[in-house]
Each structure stands twice: as structure tokens, then as C-alpha cells.
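Okay, structure first, notes after.
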């Protein structure tokens with residue numbers, strides 16, 4: 001069965017995966033079970049059951065998320081928590097925004113550089129006074145819990161990151177999710193790995209060919225490196241994550257952003273090809289694998305609402321967008337990244353509902369897979 005002709009259940013799961021980089025799989029479980037569960041028929045001899053001839057004015061209960069309307073904006077975050085280091089503050093290693101058009105039939109996925117220089121607003125909850133620095137620090141500064149240096153709050157860090165991204169892009173953020181590195185590994189492994197087209201040779205600075213971490217010395221990482229050669233490759237969890245996190249490669253962080261977006265699409269295709277939504281037990285296995293490695297923030301909405309609301313989007317409705325940028329230097333010292341003018345212009349076009357028109361005028365922004 002092709003991607004475009006899947007059953008509604010398959011589309012629900014596929015779009016749930018897109019909404020939060022497969023982080024809202026829990027919502028898909030609920031969606032799958034609801035659409036798979038037969039509607040019970042009242043017993044014929046039940047005193048509470050109306051007779052077959054009795055008129056009724058009862059209207060069918062609307063499905064979850066029936067009142068969700070576009071446009072919608074989701075913030076998707078991958079964090080480096082380094083849980084083995086006491087008090088380590090989570091860093092936003094990957095920051096993506098998914099904008100869904102008003103008709104809920106098309107969406108745009110765009111990455112923001114982790115080192116993007118932005119204005120981070122004051123956040124009294126964490127004792128942060130505000131400042132201009134790299135975007136990744138918004139998660140770190142926001143996660144600080146006054147009086148408790150050993151237990152930073154990823155959920156709290158997400159709050160400050162969400163506000164920062166919203167102010168920078170001009171977009172209202174409706175919901176979002178955060179996934180740790182280890183949660184991502186477990187997610188991909190639970191799916192049986194992923195097939196990904198490697199578009200350029202990538203040598204890992206973090207891993208050896210056997211998957212073990214390379215030793216880090218005063219002069220940097222040493223020892224044999226895992227190398228991802230160009231071509232279609234089947235990757236397990238640590239390989240997929242390791243490949244997608246490399247930024248000391250040709251194109252730097254902008255190439256890494258492209259690789260992350262391509263990985264998201266590959267994972268979605270894997271889910272659809274497996275027909276995962278037809279097997280609630282298998283989906284539950286995936287959710288269990290993620291465990292507490294996910295933080296979901298729905299702005300008052302549950303996962304199931306968005307899973308149902310986006311159920312009608314075709315599987316080819318996701319457009320990957322890459323925004324170019326340049327390094328910012330002061331006195332010869334690297335300060336971070338800034339998007340070229342076309343970046344803010346694209347976000348303005350998104351907000352105005354003119355994304356497709358804008359991309360038609362700037363075709364190089366479309367990420368090819």
C-alpha cells in the first residue's frame with residue numbers, strides 16, 4: 001500500500017509522528033484504540049436502552065480535536081541532558097518549528113540553529129534576568145530551579161525556549177515536545193531501525209565504529225571514528241542519532257539541520273511502511289520505549305486532540321525548509337549564528353499564510369530528500 005492511500009488510522013499515526021518528531025506516539029496509541037474499538041450496542045432488554053422505534057435527538061459525540069483549527073505551530077526540541085552528570089542543565093541541541101496551514105492539509109518543517117543569537121526574555125521563575133545569547137541557552141537558563149542545583153527542570157526550560165522562539169519567529173506556539181538523546185535511541189530501536197539516504201560522507205567525532213564513545217582528551221576526541229558513507233544506509237538508534245547530530249562537517253550546523261529533517265521524514269515513512277497503526281500493541285511498545293524521556297506541552301490540549309485534528313493531512317503534505325545563515329563575530333571571536341534576511345521573511349510569510357507563494361519565489365529553500 002502506498003503512503004498516499006493509507007487508511008485513516010495510518011494517517012493519524014503518521015501525522016502524530018510529524019507533529020512532534022514521533023514524540024506524540026502516545027496520542028497515536030489513544031487514537032488507534034479509539035478508532036479500533038467497536039461501538040458497544042445497548043442490550044435489547046436493558047431498561048436504559050431506547051426501543052428501536054423510539055425517536056432520539058441525541059447527536060453523535062464529536063471526535064477529539066474536532067474543534068482544533070489551523071493555523072497551528074508546534075515546537076519540537078531534542079535535548080542533551082547528560083543524565084550521568086549531576087546538575088547538568090539540558091541544552092536545546094535541535095530546535096524545529098512545524099507550521100500547519102489553516103486547512104490542516106499541508107505543513108512546513110523548519111530548523112533554527114542551536115547557536116542562533118537571539119534575545120532571551122527575563123524568566124523570574126528560574127531567576128534569569130534576560131539577555132542576548134545563543135538560542136540553545138534558553139533551555140538551559142530556563143531549567144534552573146532556584147535553591148536546587150541538582151534537579152534542573154526540562155519542562156521549565158521548555159517554557160523559556162518556547163517564549164524565545166515565539167518572539168523571534170512571530171508565531172504563536174500551540175504545543176510542543178522535548179525528547180532526550182537516549183529517548184531518541186530507544187525510539188528508533190523500537191521501530192527496528194531506519195533507512196536513511198546519507199547525502200555526504202560524515203565522520204563522527206563522538207562514536208567509534210563499534211558504537212562506543214571515543215575518549216575525550218585535552219586535545220579533543222581520539223581513536224577510530226564511525227564513518228557514514230554516502231548512499232542509503234540502515235541505521236539503528238545510536239547510529240541515526242549520531243549521524244544527525246554531527247555538525248563539524250561540510251556545511252556545518254546548516255547541513256546538520258537538513259540531516260535532522262531528512263531523518264524525521266525517514267522515520268515517518270518507516271512507521272507508515274510498517275502499518276504500525278494497525279497494531280496498537282506495537283505502538284504501545286514504542287511509547288513504552290520512550291518512557292519518561294519525553295516532555296509534552298500541549299497548551300491545554302491533549303496529544304489525542306492533535307492526532308485526530310491532523311488525521312486528514314496527506315503523507316506528502318510535509319514540506320522541509322532550510323533557512324541559510326552566517327556566523328556572527330565580534331572582535332574576531334565567534335558569537336553564534338544569524339539567519340540571512342530570507343529567514344525572517346519566510347516566518348513573516350508563514351504568519352501571513354503565504355508560505356507556498358514565498359517558496360515559489362525562493363525554491364532553493366526547499367530541502368530535497
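For the range 315-355, please list each of the strands (runs of 3 or more DSSP E) lying entirely inside it that holds at least 2 residues being in contact (Cβ under 8 Å) with a residue 40 or more places away in the chain, closer than 14 Å to residue 168 by Cα and within 23 Å of the chain's Cα centre (by Cα).
333-339
Going residue by residue through the range 90-109, is there one that turns out to be farther than 21 Å from residue 257 by Cα and buried (at least 23 other Cβ atoms within 10 Å of the Cβ)?
No; the residues of the range 90-109 include none that is farther than 21 Å from residue 257 by Cα and buried (at least 23 other Cβ atoms within 10 Å of the Cβ).
For the range 253-272, state whether one or more residues are modelled with pLDDT of 90 or more, closer than 18 Å to residue 77 by Cβ and in a helix (DSSP H, G or I).
no
Taking the residues in the range 132-182 that are over 22 Å from residue 98 (Cα atoms) and part of a strand (DSSP E or B) as candidates, determine which candidate is modelled with the lowest pLDDT.
148
Test of understanding: among 170, 142, 183, 192, which residue is within 18 Å of residue 113 (Cβ to Cβ) and either in contact with a helix residue (DSSP H, G or I) (Cβ under 8 Å, 6 or more places away or on another chain) or surrounded by 21 or more Cβ atoms within 10 Å (Cβ to Cβ) (or both)?
The unique qualifying residue is 170.
Identify, by number, the condition in (1) under 26 Å from residue 368 (Cα atoms); (2) modelled with pLDDT of 90 or more that residue 106 doesn't meet.
(2)
Let's see how each residue does on (1) farther than 27 Å from residue 69 by Cα; (2) at pLDDT below 65; (3) surrounded by 18 or more Cβ atoms within 10 Å (Cβ to Cβ):
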position: 292; (1), (2), (3): yes, yes, no
position: 344; (1), (2), (3): no, no, no
position: 361; (1), (2), (3): yes, no, no
position: 368; (1), (2), (3): yes, no, no
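The values are calculated or read from the model by the stated rules, or taken from the named source; none is laboratory data. Computed from a prediction, not measured in an experiment: that's the story for all the values here. Glycine gets a Cβ as well: all are built from the backbone with ideal geometry, and neighbour counts include every protein chain shown.
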